[in-house]
Amino acid sequence: MTTPTITLNSGTSIPQLGLGVWQATNDETEAAVRFALDEAGYRHIDTAAAYGNEEGVGRGIRSSAVPREEIFLTTKLWNSDQGYEPALQAFDASLAKLGTDYVDLYLIHWPLQDTDRIERTWEALEKIAESGRAKAIGVCNFEPHHLQVLLDLGGTVPAVDQVELHPHLTQKEVRAFAADHGVTVESWSPLGGTSNSGWGSASKPNTLLADPIIARIADRHSKTPAQILIRWHLQNGLIVIPKSVHEERIAQNIDVYDFELTDLDLSEIDTLDDGTRVGAHPDELNIGAPE
Ligand code: A2P
């Protein structure tokens, strides 16, 4: 069984499940990407300039047997490169590291508090999209008020908003706003985050994978907690990019098409939303802002 796709507002088709690589070294990333493509059946890889592993992603893709055009590749612009010219240059640098002449999706990684600069950055991304070197453009960690800034420009509507999203933080407002405007939501830290993603003032370590409700549902289906969480994202229409550098987990995380969560399972999981984040709130952290 293959991964379903979602059509973005750009017309581009995105596999609903992809491999995340945050906090993986270049060598770990290369091996994980190759395994994910060749052995596990992934066709979607999500990286970022700030992860420092775009070269590993590029090596993994080139050493796999899967042709580039069958792979949906996302990377992200870091905040220190926001602004019109800096964004154009940063995009070229990302393509060079990835060793490809286009990406399928290019995202602004984090909203700056400087709205003017976000607008200039968006103009650069629109130019990149017009050139065909990014098939779609979008954002990450944008709250509705940040999205409104781009909507007010009257140009390209972001194809995607990638936000922290998991059963502890279901992001109902962001999802409703995004749905109203044709923006597809992607979930980062879909399994509740890494054990050391404790950055930002409101952060806390991952407790979702050990949650007793998730464990009980996993037992019911003879699946793992990670597989339950991934199904929850899929059945909620979200794009999900679980990260792992371990082959067994990479394979396990895409082995989710032979069962479905029931309405009871979904309603039990819905009780877990307590609004807790593993990362920072986008309004509280002006991370990496240019001087
Ligand atoms: P690892 O790379 O060592 O496997 P996220 O929610 O950001 O996707 O975080 C995933 C975290 O959970 C990572 O630390 C990853 O670590 C771990 N992980 C990924 N897949 C599984 C799995 N199937 N079971 C348990 N832990 C997992």
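The values are calculated or read from the model by the stated rules, or taken from the named source; none is laboratory data. These figures come from a predicted structure and were not determined experimentally. Methodologically, a virtual Cβ is constructed for each residue, glycine included, from the backbone with ideal geometry; neighbour enumeration extends over all protein chains shown. In case anyone asks, the SASA skips ligands and DNA or RNA and just uses the protein heavy atoms, side chains included. Shrake-Rupley method; radii C 1.70, N 1.55, O 1.52, S 1.80 Å.
The lone criterion from (1) open to solvent by 40 Å² or more (accessible area, probe 1.4 Å); (2) under 26 Å from P290 (Cα atoms); (3) of a type in the set (F, W, Y) left unmet by F142 is number (1). Being in contact with a helix residue (DSSP H, G or I) (Cβ under 6 Å, 6 or more places away or on another chain) and of a type outside the set (A, V, I, L, M, F, W, C) holds for only one residue in D274, D265, and it is D265. If you filter region 96-107 down to residues that are in a helix (DSSP H, G or I) and in contact with a helix residue (DSSP H, G or I) (Cβ under 7 Å, 6 or more places away or on another chain), you find that the one that is most open to solvent (accessible area, probe 1.4 Å) is K97. Where strands (runs of 3 or more DSSP E) sit wholly within region 1-94, none has at least 3 residues that are open to solvent by less than 10 Å² (accessible area, probe 1.4 Å), among the aromatic types (F, W, Y) and touching a Ser or Thr at 6+ places or on another chain (Cβ under 7 Å). Is it the case that N253 is within 10 Å of the ligand (Cβ to nearest atom) and in contact with a helix residue (DSSP H, G or I) (Cβ under 9 Å, 6 or more places away or on another chain)? Yes: the conditions hold for N253. Restrict the check to region 108-131 and report whether at least one residue is within 23 Å of T5 (Cβ to Cβ), open to solvent by 20 Å² or more (accessible area, probe 1.4 Å), free of Cβ contacts under 8 Å to residues at least 40 places away in the same chain and not aromatic (F, W, Y). Taking every residue of region 108-131 in turn, none turns out to be within 23 Å of T5 (Cβ to Cβ), open to solvent by 20 Å² or more (accessible area, probe 1.4 Å), free of Cβ contacts under 8 Å to residues at least 40 places away in the same chain and not aromatic (F, W, Y).
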